[in-house]
């Protein structure tokens, strides 16, 4: 059971480039989300999804797109990377509503935009 | 802005001592959770306390919740060097669809 898998682990982008951070979970979880963590800070919610075909914005959604075509996958797209998007990105999943289910985190993706 | 604020931001203690971290939040919650993060790693769920609970224990961890003051505390008893990590509180909103983190407390336990 792999849990929540994020790829790539490390990535360097040039300003203006686009890329997709991949997130997959094999636990048949309905809820998935993306966070970013800047140095010395807590995690901030970018986007989340409560099920296939459904996505919603979190606290800091600007500059990021998501889609949820399958239950297993929740990719995060940066359409035109900016240095302000240099951060560590975490994907997380949960079996259902967070009111009653534990959330599991991936190991993180380190992104540097130069 | 983040939902929770944690206090202290950094804490350094000797092995065997107790460590107490505090968290305050702003809005009504369904539950509050505490996570641990080792340097360069993902987050690990430690404990969850629901809004109708006041205290919860798990091993060496004790969590309290005061919804009237919108605050929580995490106590780690008999700390070990391996407890060195960052600890975050996070709140789940009443809709159960958003988990919002505080800024974290960096704990160092000296052997």
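Structure summary
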{"quantity": "Chain A: antiparallel DSSP beta bridges as a percent of all, rounded to 5", "calculated": "90"}
{"quantity": "Inter-part distance where region B:55-111 and region B:5-50 are each reduced to a Cα centre, Å", "calculated": "3"}
{"quantity": "Anisotropy class of region B:28-109 from Cα gyration tensor, a/c 1.5 cut", "calculated": "oblate"}
{"quantity": "Average projection area in nm² (convex hull over Cα atoms of the protein assembly as shown, one quarter of hull surface)", "calculated": "12.0"}
{"quantity": "10 Å Cβ neighbours from other chains, averaged over peptide A:36-45", "calculated": "6"}
{"quantity": "Ranked list, fewest to most other Cβ atoms within 10 Å of each Cβ, for A:46, B:49", "calculated": "B:49, A:46"}
{"quantity": "Region B:17-111: relative contact order as a whole-number percent, Cα under 8 Å and 6+ apart", "calculated": "33"}
{"quantity": "Within chain B, percent of DSSP bridges classed antiparallel, to nearest 5", "calculated": "85"}
{"quantity": "Net lengthening on full extension, residue B:56/residue B:75 (0.36 nm per residue, minus Cα-Cα)", "calculated": "5.8 nm"}
{"quantity": "Contour minus Cα-Cα distance for residue A:7 and residue A:62 (0.36 nm per residue)", "calculated": "17.7 nm"}
{"quantity": "Which of A:10, A:105 has the fewest Cβ neighbours within 10 Å, and the rest in rising order", "calculated": "A:10, A:105"}
{"quantity": "Principal axis dimensions, largest first and in whole angstrom, of region A:41-114 by Cα", "calculated": "39, 26, 20"}
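Any read-out appearing in this document is the output of simple, stated calculations on the displayed coordinates, not a laboratory observation. Fair warning: this is a prediction, and the values are worked out from it, not measured in the lab. We place every Cβ from the backbone using ideal geometry, glycine too, and count neighbours over all the protein chains shown.
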